[in-house]
Amino acid sequence: MTQSTHQNNTQLRDVIAIIDQQIESFVASKGFPDNLHQAIEYAVLGGGKRLRPALTWFSSIACGGTGNDSIHAGIAVELIHAFSLVHDDLPAMDDDDLRRGRPTLHIHTNEPMAILAGDAMLSLAYEAVMNTDDHSIARLLTGELAQGTRAMIIGQVYDTLGGLPTDRTDEEQIKLIHCNKTGALLTASCRMGAISANATEQQLDLITRYAQAIGLQFQIVDDLLDTEGTVEHVGKATGKDAAAGKLTYPGILGAARSRKIVQELADVASNALFDLEASTTGTTAQLAQLGKMLMVRKQ
């Protein structure tokens with residue numbers, strides 16, 4: 001491991017610790033009944049890499065911000081992510097028993113509590129983002145969060161209930177699913193960090209290009225993990241997409257072609273960061289490191 005990689009990993013751990021502490025304090029301040037409070041904490045703080053709020057924090061830094069100026073946005077995107085996982089795991093959706101190597105929330109508690117905890121996290125996310133000091137920035141962040149959440153839900157509908165445009169090829173359809181279901185919230189995370197730092201339009205465009213590339217890359221790697229990974233490595237059941245007849249990149253294009261697309265997207269992301277570095281007083285090193293982490297990962 002190089003010194004710069006070690007430094008970036010240390011910075012990531014420090015940022016995650018800050019995010020976790022802020023989420024814990026924010027949730028605790030809302031006066032929930034103990035059982036609901038514990039369910040929310042189990043869902044949002046029980047493992048995970050905090051990828052989305054880390055992207056928010058480091059996108060702020062890349063655009064000349066402090067990182068901390070994006071903390072409310074970061075809390076918000078992690079709450080949305082946690083809500084989506086809890087509801088995706090429900091028997092009526094993906095019917096999963098395992099998430100991040102632990103029982104899913106509806107198994108740990110019960111189905112009504114999982115539904116209500118997800119509902120609570122969705123509403124909490126908007127409370128969090130509106131805590132941003134600059135009200136004009138808070139309005140912009142709220143719009144980004146709403147757009148990313150809406151697209152995520154549309155992607156989940158496409159993935160589980162159908163409704164995809166019939167004039168698209170299988171590859172175009174799976175890209176549409178992934179860019180909505182997974183990519184949209186990752187893109188919102190990066191854009192919200194940039195907005196928190198008062199990014200220029202050029203910087204916001206470059207952050208968006210980077211985010212869209214890693215968002216699609218993330219889900220293709222997820223498809224590959226579902227096909228080739230083990231439960232111990234991935235932290236959840238594998239092979240379920242093929243069993244459910246879902247469209248996946250390996251299923252349509254094969255594993256080799258899927259891995260090639262992952263590398264092509266990594267190059268797009270890297271080029272966007274190169275151009276961003278030339279336009280900012282901030283540093284894109286942490287975003288570059290996060291992009292590399294997405295290519296070889298556990299869930």
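The values are calculated or read from the model by the stated rules, or taken from the named source; none is laboratory data. Bear in mind that the values here come from a model prediction, so they are computed numbers and not experimental data. With ideal geometry, Cβ positions are generated from the backbone for all residues, glycine too; neighbour counts draw on all protein chains shown.
What to note about this one:
- Cβ-Cβ under 9 Å pairs, at least 6 apart or on other chains, the range 76-93 side under 12 Å from THR160 (Cβ atoms), far side assigned to a helix (DSSP H, G or I) and among the hydroxyl-bearing types (Ser, Thr, Tyr): ASP88/THR160; MET93/THR160
- Restricting attention to the range 107-126, the residues that are surrounded by 15 or more Cβ atoms within 10 Å (Cβ to Cβ) and either within 17 Å of LEU79 (Cα to Cα) or aliphatic (A, V, I, L, M) (or both) add up to 13.
- One residue from GLU171, GLU232 being assigned to a helix (DSSP H, G or I), exposed (fewer than 14 other Cβ atoms within 10 Å of the Cβ) and modelled with pLDDT under 95: GLU232
- If the condition is being more than 19 Å from THR66 (Cβ to Cβ) and out of contact with any helix residue (DSSP H, G or I) (no Cβ under 6 Å at 6 or more places or on another chain), then the range 267-294 contributes ASP267, SER270, ASN271, PHE274, ALA278, LYS292, MET293.
- Against the test of being in contact with a strand residue (DSSP E or B) (Cβ under 9 Å, 6 or more places away or on another chain) and under 26 Å from GLN212 (Cα atoms), the options LEU85, LEU122, LEU55 yield a single qualifying residue, LEU85.
- Across the range 13-66, the qualifying residues are those that are within 19 Å of LEU145 (Cα to Cα) and of a type in the set (Val, Ile, Thr), and the one among them that is surrounded by the most Cβ atoms within 10 Å (Cβ to Cβ) is THR56.
- Filter result for the condition that a residue is at pLDDT below 95 and either under 16 Å from the mean Cα position of the chain (by Cα) or not in a helix (DSSP H, G or I) (or both), over GLY74, GLY65, GLY148, GLY48: GLY48
- Where a residue in the range 200-229 is surrounded by 23 or more Cβ atoms within 10 Å (Cβ to Cβ) and in a helix (DSSP H, G or I) and its partner, wherever it lies, is at pLDDT 95 or above and of a type in the set (Asp, Glu), with Cβ under 7 Å and at least six apart: LEU206/ASP275
- A single member of PHE26, PHE32 is among the hydrophobic types (A, V, I, L, M, F, W, C) and not in a helix (DSSP H, G or I), and it is PHE32.
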